[in-house]
Structure formats: structure tokens, C-alpha cells
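In what follows, a single structure is set out as C-alpha cells and then discussed.
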Amino acid sequence: AEPDAEGMGLTDLPGELLELILCCDVLGAADIGRVSCTCRRLRESLSACLSCRWPSLLKYYSHTDGVSWLEEYKARHNAGLEAQRIVASFSKRFFSEHVPCDGFSDIETLGCPSHFFEDELMCILNMEGRKGLTWKYYAKKILYFLRQQNILKNLKEYLQRPTDRQSFLEGAVLIDQYCNPLSDICLKGVQAQVDDITDKVRKVLRMKNPRHPSLASKAGEVLVPEVELQRQVLDAMNCVLYEQLKYKGNELDYYNSLNSYIHQVLIRRTGIPISLSVLYLTIARQLGVRLEPVNFPSHFLLRWCQGKEGSTDIFDYTYIDAFGKGKQLTVKECEYLIGHHVTEEFYGVVTSKEVLQRMVGNLLNLGKRESTDQSYQLLRDSLDLYLAMYPDNVQHLMLQARLYFHLGIWPEKVLDILQHIQALDPSQHGAVGYLVQHTLEHIERRKEEVGPEVKHRSDKKHKEVCFSIGLIMKHKRYGYNCVIYGWDPACMMGHEWIRNMNVHSLPHGPHQPFYNVLVEDGSCRYAAQENLEYNSEPREIPHPDIGRYFSEFTGIHYLANTELEIRYPEDLELTRATVQKIYSSSKE
């Protein structure tokens, strides 16, 4: 930093130019560390360097903080190295596992600030181009786990608060965040969108009644006393939500999980009864009308008191169907809505925890219906949420143990769950004993596992295999696009699968090569060689597991990552030769 004989040193340069030099990619962490040790001005310039290289970190600092920027820079740099080390290790350690559960224990004991670690994972995910697919795949898995752990902590803190401090909207956001941890969802952002709708309602209300008390007070500060004034608020809400903004119940795609996520309800302006009710109730309360949630069977409702506050008489309330454009119902009309009589208990108000329980229950049922997601992510997420609220529920603990056992993941955790079930309900000893025995056998088999099976194309039994790993193919019969990630010289499925898939109707039946393929719709299939053909217009396959097997998309084919190449060592050269032959001749 000392001036030389010819002119200025670094400290004599203008601040903007100094920041530009320090932010140059050519300088490594060690270089910047040495420079910053020379004087105070250069050390303070590190804040600009930190914000330039990792701009998303700025939200963690206040201008009033006495920050040691050199220490922060070192910590962020070291966290980046640690994140890269862990991500790089995942493919080798967990290639054969769909869910790399054991690897998450490394992350739970991080020796660096978690927000720095997360930031490096985001940097990996945001890498441009079609390279680094395997790194992105595992960075995404790790980030998913990390964020869910933080959200689960927030949910448990929320549930420990007094009920009057448990916002229905905040609870809905926490569920949304847990099921979509990689999406940019925050309570502040969702609340801002709700506030915007509330302001629109105020404008309509002002036109109808300029002296309405809801216009004079801030959000939710004063309860509107008279029923007629409350009715004016609800009429204005229905006008804005259902006439101006076109919110509606999603009757056509009712069982879509997006209907349960509050940020998606606001984006798509549609949902199911409970998600629309949370939105409706929140807006009403911000305008001074105290609506209450009603856990009505098959159709969630809200109730609005017409009599004495706190009345236990169900006929003192009007019931509101937020799914049905805010229609106001009598007790008899509520029964018409679901087609049968119900007892008075179903008209009672429920707590925020019970509202969340029903929301999670809906997601649980959707998770059980999943068919394309081999990892049952929604079912696993909704079980986590349910057990965070009710950790001793034997039925859901058993479902979680069976699910993990079925997926072959977390065997040690399965044993812990089963031990907990046995302590809670000894009558479950039969089912518990069966799962314990088979889980222990699974653990022993894992210890005895040898290296991966290697398939050489030069082997005589593989001479009929025409296609190779990484080629973009098209199914002749069903027309879907896919990429090959594995093959067998003949069908290796059991007799039942062969019969169900009618394989014997094919000219070559099961006695022909079969290929494992990732399909553009997100599914994984096992296709006969005679049903596949080269894709004349190869393109990327948008499959969530693409990075598990491939490191790069060249624009014509995929390059196998190291672990897949170990299993098919001679395929890469054949793929390149095939691509050159097929696509160069087509251009000619």
C-alpha cells in the first residue's frame, strides 16, 4: 500500500477505484486478507468487497454494527470452502440413495455460520450454463434440508406462544415455507400482499360510507361494534376479492397441493375452503370484523356473530363460505352444503393449531395420492409438520416409520421412531417387532455391500445393447422425450411387472435390452430397446434427478458424472461417436 517512486499507492486511489480492484475476481481470499492487514482504510474497504462478491449477505448487517470486515470475509470464504467440500462428497457417498439422509448429519454440526453456508449453496445453484449439474443437484438437497430445519424451529416457537399471539396467516406461511423451502416466501411479503387487498377494500368502503370506523383506525386496532357496519365491511370485501380480483374456489383442480399454499393462493387467486378462509379472516380482522374459523366437516367455514359476543348458541352466528365467494349461510344451509346433518360441536370455533392441523392433514392426504414422485417428498414434509405439532401421535409415527422403511432411508431413525411408538403404545408390539427386525437386516446388508456393478460394453452378453448413457431418446409409442441413465441386456423386472406391462406382446418380449430413462414429465421409466429411437431434435430433459446422474448437458447429449461413468465405463466414447454420426449426418 506504500506509494512507489513513480506515484500513488493503493490508499491514494479514489474509493470507487479501490473497491473495483478489491472486488476483482483475480484476487483470492489470501490476497485480500494480506491487503486488508496493511492499514485501516483498506480493512474497511472489505465491506464493499464482501457485498460485491456475496450481495445477498447485506441483509445480515446494519450500518450501526461494529463489524470486523476482515473476520467476516474470512468466515464467508471458509464457509464457502466447507460447502463445496460437502457438496462434492455427496455424489460419491450417496449416489445409490435417492435421499442422502446420512449426509445431513455433517451439516447439523457445521463449524461455520449457517447463513454463510446457505449463501454458498445459492451461489452453486445460480451458476450459469448447463455445467455443474451434479453439484447443483446436491446443493439443492442440502439447502432444502437446512431451510426446513430452521422453519421447523420457527414453527415450534410459534406453537409455544399464547393462542392470542398465533396469527392464522403466519401459521399458513410456515406450512407453505416448509413444503417449499427453496421458494422466496416470507411472512413480510405475504402480509404486504394482504395489506394491499385490505387497502382496496377500504377504498370501496370509503365510497359506500366515508365515516366508517374501519377507515379511521389502523389494522385491527378497533373492533367494529355494530352488525350493520360489520356487514358493510364484508360486502366491500366480497366486492374486491370476488368481483374485482376474481378470487374463486378451485373446483376444477381441487386436489392440487398449490391450493394449500398461501403464497400460491395470492398468485393464482384460487384455493380450497381452508386457504381462502385464512385469507378472508385475516382481511376481515384487519378491518375490525372478528370472524372465527369453524372446522366444519368436508368444507371449512368462518362464523360471524350476530348475537351476544361469545354466544354458545350456533343459531347466533352467520356462517361464511370463502370458497363460495363469501356467501353467508344459515345452519340449515351449511348442512345442505355438505349433504347431511351434523351435530352442534362441528359449528364451534377452533384454535390456530387446529387450523394448521387441518391444513397439514389435507397435504398428508395429497401426499398419499402421489404417484410420480419416488421420494414421496410431500408426504414426508407433511408428516414432519404433523409430528411437530403432535409428536406422540402413534398413527402418524407408524406411518412415518413405514414410509422411511419403504424408501430405505434413515434406518437408524426408523429404529428410534419404533422405540418411541412401543413406549407410547405397547399394543403395537407386533407391527413394531416386524419393522425392527427388517430394519436391522437392512442395516446389516448395507454393511456387507460391495462396490457398484460395472457393465462393460465389450462383454459378449451386452452385444445387443444399441444405445448408451446420456443419449436423448424418444419413445416410439408414447412420444415422450427422455435420457438414458442405465441399461440391462434383458428385462430385469419380476414376472408380475412383465405381465402388468404386457411386455410379452412386444416382438422381442423381455429378451432384449431395457433402458432406465429419465422422462421430461419428471417420471423414471424402464423402456424396451425396440420402443426407443434417437431424438432428431435433442433438448434438455427437465427432470429433478438429472444432476444425480449427469454433470453437464452439451446441447445434444448429457455427460455422465463420475459415479455413473464408473458403472458404465465404456459408454461415454460410444455416446460421443453416436452423436457425431447421427447429428452431423442430419445437418448434411
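The values are calculated or read from the model by the stated rules, or taken from the named source; none is laboratory data. On a predicted model such as this, the values are computed, not experimentally measured, just so you know. Backbone-built Cβ (ideal geometry, glycine too); neighbour counts: all protein chains shown. Please note that ligands, DNA and RNA were not included when accessible areas were found on the heavy atoms of the full protein model with its side chains. Shrake-Rupley method; radii C 1.70, N 1.55, O 1.52, S 1.80 Å.
At a probe size of 1.4 Å, how large is the accessible area of SER167, to the nearest 10 Å²?
Roughly 50 Å² of SER167 is accessible to a 1.4 Å probe.
Quick one: with all protein chains in place, what share of the accessible area of the range 185-314 is carbon or sulfur, to the nearest percent (1.4 Å probe)?
About 50 percent, which is the carbon plus sulfur part of the accessible surface.
I need the GluC sites (Glu not before Pro) found in the range 242-323, filtered to DSSP loop residues with at most 10 other beta carbons within 10 Å of theirs. Show your work: numbers first, answer last.
Numbers: sites: GLU243, GLU251, GLU309; in loops: GLU251, GLU309.
Those satisfying the criteria are GLU251, GLU309.
At a 10 angstrom cut-off on C-beta neighbours, averaged per residue, how do the peptides 515-525, 147-157 rank from highest to lowest? Can you show the working numbers first?
Numbers: 515-525: 18.5, 147-157: 15.9.
Per-residue mean Cβ counts within 10 Å order the peptides as 515-525, 147-157.
Evaluate the distance, in nm, between pseudo-label points positioned 7 Å from the Cα of ASP392 and of HIS508 along their respective Cα→Cβ axes.
Rounded to a tenth, the inter-label distance reads 6.1 nm.
For PHE550, which sequence-distant residues (separation of 5 or more, or a different chain) have an amide H within less than 5 Å of its own amide H, given hydrogens modelled in the peptide plane?
Excluding prolines and chain starts, which carry no amide H, the hits are ASN561.
From the phi of every residue in the range 405-418, what ³J(HN,Hα) in whole Hz does the Karplus formula 6.51 cos²θ - 1.76 cosθ + 1.60 yield, where θ is phi - 60° and glycine or proline is x?
5, 4, 7, x, 10, 6, x, 5, 5, 4, 5, 4, 4, 5
Please state the charge dipole magnitude for the range 391-451, taken about the Cα centre, from unit charges on C-beta atoms (+1 on K and R, -1 on D and E), reported in debye and rounded to the nearest 20.
So the magnitude is around 120 debye.
Which loop trypsin sites (Lys or Arg not before Pro) in the range 202-309, with loop taken from DSSP, have no more than 11 other Cβ atoms within 10 angstrom of their Cβ? Working shown, then result.
Working: sites: ARG202, LYS203, ARG206, LYS208, ARG211, LYS218, ARG231, LYS246, LYS248, ARG268, ARG269, ARG285, ARG290, ARG303, LYS308; in loops: ARG211, LYS218, LYS246, ARG269, ARG290, LYS308.
Loop-located and lightly packed - ARG211, LYS218, LYS246, LYS308.
Between GLY288 and residues 5 or more places away or on another chain, which pairs have amide H atoms under 5 Å apart, with H built 1.01 Å from N, and which residues are they?
Counting only residues 5 or more places away or on other chains, the set is GLY220.
Would you mind classifying the range 391-451 by shape? Square roots of the alpha carbon gyration tensor eigenvalues, ordered a ≥ b ≥ c; an a/c under 1.5 is rounded, otherwise it is prolate if a/b is larger than b/c and oblate if not. Before the final figure, lay out the partial values.
Working: a/c = 2.77, a/b = 2.02, b/c = 1.37.
Prolate is the answer for the range 391-451, as a/c is 1.5 or above and a/b outweighs b/c.
What FRET efficiency, computed as 1/(1 + (r/R0)^6) with R0 = 51 Å and r the Cβ-Cβ distance, is obtained for GLN149 and THR343, rounded to the nearest 0.05?
Details: r = 41 Å, r/R0 = 0.81.
So, using R0 = 51 Å, E works out to roughly 0.80.
For the range 508-559, what is the charge dipole size about the Cα centre, in debye to the nearest 20, if Lys and Arg each add +1 at the Cβ and Asp and Glu each add -1 at the Cβ?
On the way: 3 positive and 8 negative charges, 33 e Å.
Around 160 debye, computed over the range 508-559.
Under 5 Å between amide hydrogens, which residues at least 5 positions from LEU532 or on another chain qualify, with H placed 1.01 Å from N in the peptide plane?
Those lying under 5 Å, H to H, from LEU532 are LYS476.
Loop-only chymotrypsin sites (Phe, Trp or Tyr not before Pro) in the range 395-482, please: DSSP not H, G, I, E or B, and at most 12 other Cβ atoms within 10 Å. Write out the running numbers ahead of the final one.
Values: sites: TYR404, PHE405, TYR434, PHE467, TYR478, TYR480; in loops: PHE467, TYR478, TYR480.
Answer by residue number: TYR478.
Considering only GLN419, HIS429, VAL450, whose Cα is most displaced toward the positive end of the charge dipole of the range 396-470, charges sitting on Cβ of Lys, Arg (+1) and Asp, Glu (-1)?
Toward the positive end, the furthest listed residue is VAL450.
Stretch GLU243-ALA216 to full length: gain in nm at 0.36 nm per residue minus the Cα-Cα span?
Roughly 7.2 nm would be gained on extension.
On a full-extension model of 0.36 nm per residue, what is the gain between LYS203 and CYS466, subtracting their alpha-carbon distance, rounded to one decimal in nm? Working shown, then result.
Working: separation 263, 0.36 × 263 = 94.68 nm, distance 6.87 nm.
Computed gain between LYS203 and CYS466 is 87.8 nm.
Working with all protein chains in place, sort LYS463, LYS455 by solvent-accessible area computed with a 1.4 Å probe, largest first.
Ranking LYS463, LYS455 by accessible area, largest first, yields LYS463, LYS455.
What list of ³J(HN,Hα) couplings, whole Hz, do you get for the range 487-494 from phi and the Karplus terms 6.51, -1.76, 1.60, once you set θ to phi - 60° and write x for glycine and proline?
With coefficients 6.51, -1.76 and 1.60, one gets 8, 10, x, 8, 5, 9, 7, x Hz.
Using θ = phi - 60° and the Karplus form 6.51 cos²θ - 1.76 cosθ + 1.60, what ³J(HN,Hα) does each residue of the range 256-265 get, whole Hz, x for Gly and Pro?
Coupling constants for the range 256-265: 8, 4, 4, 5, 8, 9, 4, 5, 6, 4 Hz.
Figure the gain on full extension for TRP497 and TYR255 (residue separation times 0.36 nm, minus the Cα-Cα span) and round it to one decimal in nm.
Difference between extended and current length: 84.2 nm.
Pull up the cross-link candidates among the lysines for LYS208, meaning alpha carbon to alpha carbon under 29 Å and not fewer than 8 places away within one chain.
Result set, ordered by chain and number: LYS200, LYS218, LYS246, LYS248, LYS308, LYS325, LYS327.
With a 1.4 Å probe and all protein chains left in place, how much accessible area per residue does the range 264-395 have, in Å²?
42 Å²
Straight-line reach from LYS156: which lysines have Cα under 29 Å away, leaving out those fewer than 8 places along the same chain?
Straight-distance partners of LYS156: LYS59, LYS140, LYS141, LYS188, LYS353, LYS368, LYS413.
In terms of solvent-accessible area of protein heavy atoms at a 1.4 angstrom probe, what is the ranking of HIS495, HIS341, highest value first?
Largest to smallest exposure gives the sequence HIS495, HIS341.
Please figure out what share of the DSSP beta bridges in the range 169-356 is antiparallel and state it in percent, rounded to the nearest 5. Numbers along the way, then the final one.
Details: 11 of 13 bridges.
The answer is about 85 percent antiparallel.
Give me the percent of the accessible area of the range 471-584 that comes from carbon and sulfur atoms, probe 1.4 Å, all protein chains in place.
Looking at the range 471-584 in its full context, I get 51 percent from C and S.
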